[in-house]
1. Suppose we filter ALA135, ALA143 for residues that are touching a strand residue (DSSP E or B) at 6+ places or on another chain (Cβ under 8 Å), part of a strand (DSSP E or B), surrounded by fewer than 15 Cβ atoms within 10 Å (Cβ to Cβ) and not hydroxyl-bearing (Ser, Thr, Tyr); which single one remains?
2. Name the one entry in GLY109, GLY115 that is touching a Pro at 6+ places or on another chain (Cβ under 9 Å) and in the same structural domain as VAL85 (by TED's automatic domain parsing).
Amino acid sequence: MKNIILTTAATLLLAAPALAQTTPAAPAAPTTATGAMTATAPAPGTAMGGMSGGMTMGTTSTVALKFVTVSEADVMASRLEDVDVYNNQNEDIGEIEDLVIKDGKTISGVVVSVGGFLGIGDRYVLLDPSSIVLADQNGTLRAMVNTSKDELTNAPEFKYTKRN
């Protein structure tokens with residue numbers, strides 16, 4: 001389940017810049033990047049009536065099923081999970097753990113574990129996706145950030161809550 005959510009989120013993250021450059025078309029029925037239907041009865045705190053075009057919570061769906069295609073520029077979220085994060089000095093300073101999806105359609109944060117050793121003593125920080133550059137180095141995906149190891153280790157801590 002986590003891989004499906006991460007895959008959807010990564011596709012949406014990478015598709016957003018391309019979509020921003022196109023001419024707006026006529027409004028279409030709300031769907032997700034995977035073609036999943038939105039719900040007619042959103043839970044409290046979710047998008048009103050599924051009109052946002054993102055995934056919503058509910059018990060039924062009345063939206064027609066749609067399919068999408070994936071381009072070569074798209075990255076699957078499953079490839080982002082456990083990707084090492086490096087700074088410009090080529091220091092390994094963390095690892096991508098999770099993605100935050102706002103309103104069921106936009107990646108608003110990337111959860112990175114920092115400061116630990118072999119998974120012990122890790123703490124989480126939440127980075128803006130636009131501050132991360134993905135690099136393919138000989139078939140291995142790396143995340144690059146413009147920061148020092150100390151700055152990332154001392155960044156505000158992100159804590160998971162029951163809501164997350």
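The values are calculated or read from the model by the stated rules, or taken from the named source; none is laboratory data. The structure displayed is predicted, hence computed values, not measured ones. Counting neighbours? That spans all protein chains shown, and the Cβs are built from the backbone with ideal geometry, glycine included.
1. Only one candidate qualifies: ALA135.
2. GLY109
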